[in-house]
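Contents: one structure, followed by commentary.
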Amino acid sequence: MASLLPIPDARKLIIDDLAPLGTERVKLAQALGRVLAADAVAAVSHPPADVSAMDGYAVRAADVARTPQRLNVTGESAAGHPSPKTVGAGEAIRIFTGAHMPKGADCVILQEDTTPEDSAVVVKEGPKAKQHVRPAGQDFRTGDVVLKAPRKLTARDIGLLAAMNLPEVIVARRPKIGVLSTGDEIVLPGGNVSEGQIVSANGPGLCAFVTAHGGEAVELGVVKDDPGALLAVAERARDLDMLVTSGGVSVGDYDVVKGALASAGFKVRFHKIAMRPGKPLLYGRLKSLPILGLPGNPVSAMVCAVLFLSSAIDRLQGLAGDAPTLTAARLGTPLAANDGRTDHLRATLSRDAEGWLIATPLVKQDSGMVSSLARADALIVRAPHAAAASAGDVVSVIELH
Ligand code: AMP
Ligand code: MG
């Protein structure tokens, strides 16, 4: 057990080994999910001027210190149509949400607190100072750094960048990640499956994972358990930022990945992790190409992708490469004590009447079962030597997306 690397140590070795890639400029319509690579500086102030937050009347607060008060309505200010007039003593200007405050006025009386009278208005409620006025630049001012890099852009961020009058942003280049399945028995989906063959879950699954996490996946197909074939692909993979392999990283006679790479000068950073599923996990560099060798077992491969590949993709885009977020949930059923490896149990999530998240481990945890991985909503993370747990105990889960 001593030679198995703890998960956080392995993640640190990967992220310390990887440096952020270059950047590119994209239009906002292409920016969702990309990592902002340069601080975003507002090109305009928001709001651009003092504006009304309500429909009502722009007035001078001093005029309506005592109510009721009758004011002459001298004009109108609507959004997009500011009034050129100044509000003088005893005057009001009809105003609508988002409209510029006219000169002279310092507050807005709610429409509901007035009674219109021909060309005048009777104010029934006195205002508080600056009432219902959004001051110019309250949200941000021209030149403010409003979003700091690095940051994975959300739909809300895109709206904000648009409000900052930035039609384009500088983002990290998407890491180009090759996905190569290894194994004499592995065939691509859609063909004939002869005796002794199985269909590759990992190639398509891992490519989708890469895409979902912001990388650009390059499906490299399948190679046999043949050192030469594997090396030929790795040597050709010149324009990749990372190569991900699946299969052949254990210690069986046909686990040729490590040996094949070693013969070409591969520098191993680690090979075995204190986790389940997925003990064999290889990381290192072949010349300048980082290679992550995932176990062939599809559940192990995907769990390792969740734990390590996501951090690698983040890091290559300039993010920290943090561990997946842990969420607290209550156990739906009891669990036995854990051994010395961190365990990741596939579980479904539900909510109890009080809104607590309930994580119920799937009954069959065989790491060969891809159906249960797809059905799972989360992985329950069990620390090494965690004691037996009862239903209702709080555990940590990684939510799967
Ligand atoms: P390995 O890590 O090569 O020893 O493979 C472990 C198990 O995963 C074996 O049962 C393989 O048949 C299976 N396996 C390997 N690669 C894939 C793949 N691409 N898709 C589905 N199963 C695989
Ligand atoms: Mg194999």
Rounded to the nearest whole number, the Stokes-Einstein translational diffusion coefficient of segment 120-229 at 25 °C and 0.890 mPa s (Kirkwood radius, C-alpha pairs) in µm²/s is 124 µm²/s
Positive end of the charge dipole of segment 327-399 (Lys, Arg +1 and Asp, Glu -1 on Cβ, about the Cα centre): tell me which of T327, T348, A374 has its Cα farthest that way.
A374
What is the helix-to-structure angle for 7-17, meaning the angle in degrees between its Cα long axis and the longest Cα principal axis of the chain, kept from 0 to 90 and rounded to the nearest 10?
80 degrees
Please report, for the Cα atoms of the chain, the Rg to one decimal and the Dmax as a whole number; what are they, in angstrom?
30.5, 95
So what's the projected area for segment 52-134, the Cα convex hull averaged over all directions, in nm²?
4.3 nm²
Please give the residues of segment 325-368, grouped as numeric ranges, whose backbone N is less than 15 Å from a label point set 7 Å along the Cα-to-Cβ vector of R375.
346-350, 360-368
Cα convex hull of segment 32-186 - mean projected area over all directions, nm²:
13.8 nm²
For segment 327-399, count all C-alpha to C-alpha pairs, find those more than 14 Å apart, and express that count as a whole percent of the total.
55 percent
Rounded tilt (10° steps) of 227-236 against the dominant C-alpha axis of the chain:
30 degrees
In units of 2.2 N^0.38 Å, what is the alpha-carbon radius of gyration of segment 186-248?
1.19
Efficiency of FRET from Cβ geometry, S3 and E235, R₀ 41 Å, rounded to 0.05
0.85
Could you give P(r) for segment 237-343, binned at 10 Å from zero, as whole percent values over all Cα-Cα pairs?
13, 40, 32, 11, 3
Per residue value of the accessible surface for the chain (all protein chains in place, 1.4 Å probe), Å²:
48 Å²
Is it possible to state the helix-based mean residue ellipticity at 222 nm for the chain, with each DSSP H run of 4+ residues giving -39500 (n - 2.57), the sum divided by total residues, to the nearest 500 deg cm²/dmol? What is it?
-4500 deg cm²/dmol
Three-way shape call for segment 257-307 based on the alpha-carbon gyration tensor, with the a/c threshold at 1.5:
prolate
Cα-centre dipole for the chain with unit charges at Cβ (Lys and Arg positive, Asp and Glu negative), debye to 20:
740 debye
Residue separation times 0.36 nm, minus the C-alpha to C-alpha distance between E24 and K364: what's the value?
117.8 nm
For segment 242-281 and segment 89-162, what is the centre-to-centre distance using only Cα atoms, to the nearest Å?
61 Å
Mind giving me the FRET efficiency for R330 and V187? R0 is 60 Å, r the Cβ-Cβ distance, nearest 0.05 is fine.
0.90
For the chain, the accessible surface attributable to carbon and sulfur atoms (probe 1.4 angstrom, ligands and nucleic acids excluded) amounts in percent to 53 percent
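The values are calculated or read from the model by the stated rules, or taken from the named source; none is laboratory data. Computed from a prediction, not measured in an experiment: that's the story for all the values here. Backbone-built Cβ (ideal geometry, glycine too); neighbour counts: all protein chains shown. Heads up: the accessible areas ignore ligands, DNA and RNA and are worked out on the full protein's heavy atoms, side chains in. Shrake-Rupley method; radii C 1.70, N 1.55, O 1.52, S 1.80 Å.
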